[in-house]
Amino acid sequence: MNNKHDLPFQYIKGIGPKRAEILANNGFINFDEAINYYPKSYTELNSVVSINELYNDLTDQQLMFKIDTDKIFNINLKQVPTIIAKIVEKREVNLSRGKKLLSVILSDQSNKFAKLNFWNYTEYYKQKYLLGLSLVISGKATLNKSYVEFNHPSIEIINDDQIESLNNGKILPNYTLPEKLTKNSINNTTFRSIVKYSFTKVKDLIFEKLPQKILLKHNLLGISETVENLHFPENRNLLLDSLTRMKFEEIFTFILQTKISNNKLVQDSAIKITSKSRLSREVYDKLPFQLTKDQKFVLNEIALDLKKDSPMNRLLQGDVGSGKTIVALLTMLMLVDKGYQTIFLAPTELLAEQHFNNFNKLCEELDIEITLLTGSLTKKIKKEEFKKIESGLSKIVVGTHALFQKNVKYNSLSLIVIDEQHRFGVGQRETIQKLAANSFSDQNISPHVLVMSATPIPRTLAMTLYANLDVSVIINKPKGRKEIITKITYESRLSDSYNFIINEIKNDRQAYIVFPLVQKSEKIDLQSAEEQFLLLSKTIFKNIPCGIIHSKLKWTEKDSIMNKFVNNEIKILFSTTVIEVGIDVPNASVMLINNAERFGLSQLHQLRGRIGRGSNQSFCILATVDKYEYSLKRGVDNEMEKISALLRLKTMEKTQDGFEIAEADFKIRGPGDMTGLKQSGLPNFKFIDLLVDNDIIKKAGKEVDDLLINDPELNSVENINLKSFIEKENQANNYIKIA
Ligand code: ADP
Ligand code: MG
C-alpha cells in the first residue's frame, strides 16, 4: 500500500489521512484519477423548479398520456427534475416484521409538499435528515395523492447561504460515487472539492491528444479548459462545448484505431473475380421469383468489389424478410465457380440448418458440395466434415460458431459471409479472417467479407462502427408482401385468438405461438411454452398437429420438428424466442406472442419478421396481461416501466418499418441507453451517443481519413501525442489485433 506521505488528497481541508486512504483503496490514488472521473449528470440550478411547478407538470404528463403514439414521444422519459426544499416533518410508520417506513416531508413554501421514503436504515436517515435542513433533490418524481414523491433521488444537504448561489444559474456536477466512498462520508460535495484541488495541481499538465490543427479547424476547446468545464461548468455553453470536445476525441480516436487496423487488411491482396459466374447464373435463372431492384443493385456492387485488388469488406443491411440470403448465395457461387471455398456463418444451429437445407435445394442441379458444421454434430461426423473442408471438396460451409474452432482447416477460403452480424462480436470476425488467411499458401491473401444485418442503424453510424466497410442497403422488400395486421389482445380473451388460429389452419396456413419462458417458473408469473403446449394441444387444438421447439431440446429433436413445420406437417409451432432470427416458413401466417409486454421492441420486430413472408395476409397478435387494458384504453398511467411496455406494443401495432421501430425504440428508452447497440462489439463510450451525434461522427471520420492520407504512420510532430496515445492503448487492451 501507499506510504502515508504519498497520499496527495490528505492535505485537502476536511479529508485527512484516513479518508485519503479510503480514496486510494478505491482507485483514487492521484490527481489524475480524480479529474478523469467525470460527472454522470448536472443540475442546472436555474432549472430548479418549485414543488408546485413539478406537481403541475406531473399532472399534465399524465393527461398527455393518450394513446396516440406521435404525441407520446414528446414526453421526455428521462426528465430529472430538481427541487430545493426544507424538511418540515418526519413520519414513521410501523410495518410488519418490525420494519419501519420513514417519510421525510419537504416544503418550499409553494403550497405543495414533496415526500422522500426510506424503507431501510430508517434510524440512520432519521438522524441525518433533521427538521429544518435544506435539501437539493433530483430524481424521478411521481404523484402520490397530494404529494410529489421521489423515487431513489440524489439528495444533498446544503447550507442556507449556499441557496443564494444555487439560484444563480450555477451548474453543479453530480458524481456517481462508489458506495465505499459515500459510506465514509465522501459525498458529492466532498468529491467536488477533491476534484477542484486536483485540477489546480495538474491543469497545465493534462495530456492533449488532439492535434492543434484539428482543434482550431473544428473550434474545439483545449483539453485543460474542457476538463475544467466538465467538472465546474462556468455556464451552459461551455459545458456543451466541453462535452462536444470529448465526444469528438472519443469517436475520433476510436475510428482512427479501427482504421489503422483495417488498413492492414486492405493492403492484402484478394481473390479477383473478373468473369461472369456460370453457377450463379444457373441458380438465378431457376429462382421462383424475380430479384428486386435493390437485390440486383447490391449484387452489382458486390461484383464490382470482387474485381478489385483488395478484399471486399461489405455490410449488407436489410430489414427482416428483405431477401438478403439469396444475395449471399449468389455471391458465394461467384467464387465457387472458380474453385474456391466459401463459408456462411449463422448465429444459431436452427438457422444454420435452415440455410443449409435451403442452399442444397437451390443448388440441387449444380455439382457442388455443401457442408453443415455445428457444435452438436457427433465427433465422427465432424471428423468427416473436417476432412472435406480441409481437402477443399466442400465449396460452401454453413455453420455456427463451430466454424472457428481451431481444428477446422480451410482450403482456399475466399469469402466469409456473416449472417445477423449483430450477434457476433468484432473479435470473432477477426478470428475467422485469420483462419481464412491461413487457408492460402500465399499469406498475403485475405478473404472477402460480407456481413449481413437486419438491425437498422443509421448509415453514418454503420460506417463508423465497421470502419472501412462499404455499406449496401436493401430498402424495398419483395413485391406482393402484404402489411402484417397487428393487434393487441388480453390474456382473458385468448380463446378468440385460438379460434382465429384454428380458422387460418382450416385455410391451410400455419401458426407460431411464442412464449417468454420454456418452463413454468416459480419466481415469475409468465406463460411458458411447455405448460401451454401440454394443455392446448390436448384441448382446443386437439385435432391439429402441434409441435414445440426451444433451446433445451437436442438438435436432432429441433431439426425434426423444424422440418415437419417447414413441410407443413406441424401446423402450430409452440416456441420461445429461438425462432427470433432468420427462420423462414412463408406459409406461416399467424403469430401469437404471449406476455408481449416482456419483449423488447427489436425482439418483437424480429419475431414478427417470421411471418408475412409469403403472399398471404399475415396476422400478429400481441397478447398482454389484463391489467394493461385499462391503461391502454384510458391512457393514464404513471409507472414508467408500464408506459414503456405499452408504447412498445402500440408501436408494433402502428408500424412495420424497421427504421421507424428502431427510432421509436430509441425514443422510448431515451438517449444514452445503448442496450440495442451493446451486442455489436463496441466499446462502452462515455461521451458520444452513437444514435444522436451524427454530425460529430461524420466530422471525426473525415478528419481521420485526412490524417491517414497525410501522415499514415503518425510521424509528424503535431501528431506525436496521438501516436503515443494509440500505442499505449494498444498495449493496454490489445484492442487492435494485427495478424
Ligand atoms: P432476410 O433478409 O430476412 O434474411 P430472407 O433472405 O430469408 O430474408 O428472405 C425472405 C423470404 O423472401 C425468403 O422466403 C426468400 O426466398 C424470399 N425472397 C427473397 N427474394 C425474393 C424476391 N425477390 N421475391 C420474392 N421473394 C423473395
Ligand atoms: Mg436472414
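Which of the residues belonging to region 584-605 are under 27 Å from the mean Cα position of the chain (by Cα) and either closer than 22 Å to His355 by Cα or of a type in the set (A, V, I, L, M) (or both)? Write out each step before concluding.
Step one: filter region 584-605 for residues under 27 Å from the mean Cα position of the chain (by Cα), giving 584, 591-605.
Residues satisfying the conditions are Asp584, Met591, Leu592, Ile593, Ala596, Leu601, Gln603, Leu604, His605.
Please list, ordered by first then second residue, the pairs with beta carbon atoms under 7 Å, 6 or more apart or interchain, first in region 314-328 and closer than 12 Å to Thr292 by Cβ, second part of a helix (DSSP H, G or I) and within 10 Å of ligand 2 (Cβ to nearest atom).
Within 7 Å, the pairs are Gly318/Lys324.
For region 356-373, indicate whether the set of residues that are within 16 Å of ligand 2 (Cβ to nearest atom), open to solvent by 10 Å² or more (accessible area, probe 1.4 Å), of a type in the set (Phe, Trp, Tyr) and under 30 Å from Asn476 (Cα atoms) is non-empty.
The answer is yes, given that some residue of region 356-373 is within 16 Å of ligand 2 (Cβ to nearest atom), open to solvent by 10 Å² or more (accessible area, probe 1.4 Å), of a type in the set (Phe, Trp, Tyr) and under 30 Å from Asn476 (Cα atoms).
So for region 510-519 (the condition being over 27 Å from Asn616 (Cβ atoms) and in a strand (DSSP E or B)), does at least one residue qualify?
yes
Considering each of Leu329, Leu351 in turn, give the residue that is in the same structural domain as Leu413 (by TED's automatic domain parsing), more than 10 Å from ligand 2 (Cβ to nearest atom), aliphatic (A, V, I, L, M) and not in a strand (DSSP E or B).
Working: Leu351 fails: more than 10 Å from ligand 2 (Cβ to nearest atom).
When all the criteria are applied, what remains is Leu329.
Looking at (1) small (Gly, Ala, Ser); (2) at pLDDT below 75; (3) in contact with a strand residue (DSSP E or B) (Cβ under 9 Å, 6 or more places away or on another chain), can you tell me which one Ala645 breaks?
It is condition (2) that Ala645 fails.
Looking only at region 611-629, how many residues end up being over 29 Å from the mean Cα position of the chain (by Cα) and of a type in the set (Ser, Thr, Tyr)? I'd like the intermediate steps shown before the answer.
First, the residues of region 611-629 that are over 29 Å from the mean Cα position of the chain (by Cα): 614-617, 626-627, 629.
From what is left, the residues that are of a type in the set (Ser, Thr, Tyr) are 615.
Matching residues across region 611-629 total 1.
Quick one: in region 377-397, which of the residues that are outside any helix (DSSP H, G or I) and surrounded by 13 or more Cβ atoms within 10 Å (Cβ to Cβ) is modelled with the lowest pLDDT?
Taking region 377-397 as the starting set, the residues that turn out to be outside any helix (DSSP H, G or I) are 377-378, 392-397.
Remaining after also requiring surrounded by 13 or more Cβ atoms within 10 Å (Cβ to Cβ): 377, 392-397.
On the way: Leu377: 86, Gly392: 93, Leu393: 95, Ser394: 96, Lys395: 96, Ile396: 97, Val397: 97.
Looking at the filtered set, the residue picked out is Leu377.
Failed condition for Asp70, given (1) open to solvent by less than 80 Å² (accessible area, probe 1.4 Å); (2) modelled with pLDDT under 50; (3) not in a loop (DSSP other than H, G, I, E, B); (4) not basic (Lys, Arg), with all others met?
Failing condition for Asp70: (1).
How many residues are open to solvent by less than 40 Å² (accessible area, probe 1.4 Å), at pLDDT 80 or above and in contact with a Ser or Thr (Cβ under 6 Å, 6 or more places away or on another chain) when one looks only at region 36-64?
Of the residues in region 36-64, 2 are open to solvent by less than 40 Å² (accessible area, probe 1.4 Å), at pLDDT 80 or above and in contact with a Ser or Thr (Cβ under 6 Å, 6 or more places away or on another chain).
So that you can scan it fast, the table gives a plain yes or no per residue for (1) open to solvent by less than 20 Å² (accessible area, probe 1.4 Å); (2) touching a His at 6+ places or on another chain (Cβ under 9 Å); (3) more than 16 Å from ligand 1 (Cβ to nearest atom):
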{"residue": "Lys293", "(1), (2), (3)": "no, no, no"}
{"residue": "Asn300", "(1), (2), (3)": "no, no, no"}
{"residue": "Ala303", "(1), (2), (3)": "no, no, yes"}
{"residue": "Met312", "(1), (2), (3)": "yes, yes, yes"}
{"residue": "Gln317", "(1), (2), (3)": "yes, no, no"}
{"residue": "Ser322", "(1), (2), (3)": "yes, no, no"}
{"residue": "Val327", "(1), (2), (3)": "yes, no, no"}
{"residue": "Thr331", "(1), (2), (3)": "yes, yes, no"}
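Residue check: is Phe404 more than 16 Å from ligand 1 (Cβ to nearest atom), touching a Lys or Arg at 6+ places or on another chain (Cβ under 8 Å), of a type in the set (Phe, Trp, Tyr) and open to solvent by less than 50 Å² (accessible area, probe 1.4 Å)? Before the answer, list the steps.
On the way: more than 16 Å from ligand 1 (Cβ to nearest atom): yes; touching a Lys or Arg at 6+ places or on another chain (Cβ under 8 Å): no; of a type in the set (Phe, Trp, Tyr): yes; open to solvent by less than 50 Å² (accessible area, probe 1.4 Å): yes.
No; evaluated as a whole, the condition is false for this residue.
The values are calculated or read from the model by the stated rules, or taken from the named source; none is laboratory data. Only a predicted model underlies this, so the values are computations on that prediction, with no experimental measurement involved. Glycine also receives a Cβ, built like all others from the backbone with ideal geometry; neighbour counts cover every protein chain displayed. Protein only, heavy atoms only, side chains kept; ligands, DNA and RNA dropped before computing areas. Shrake-Rupley method; radii C 1.70, N 1.55, O 1.52, S 1.80 Å.
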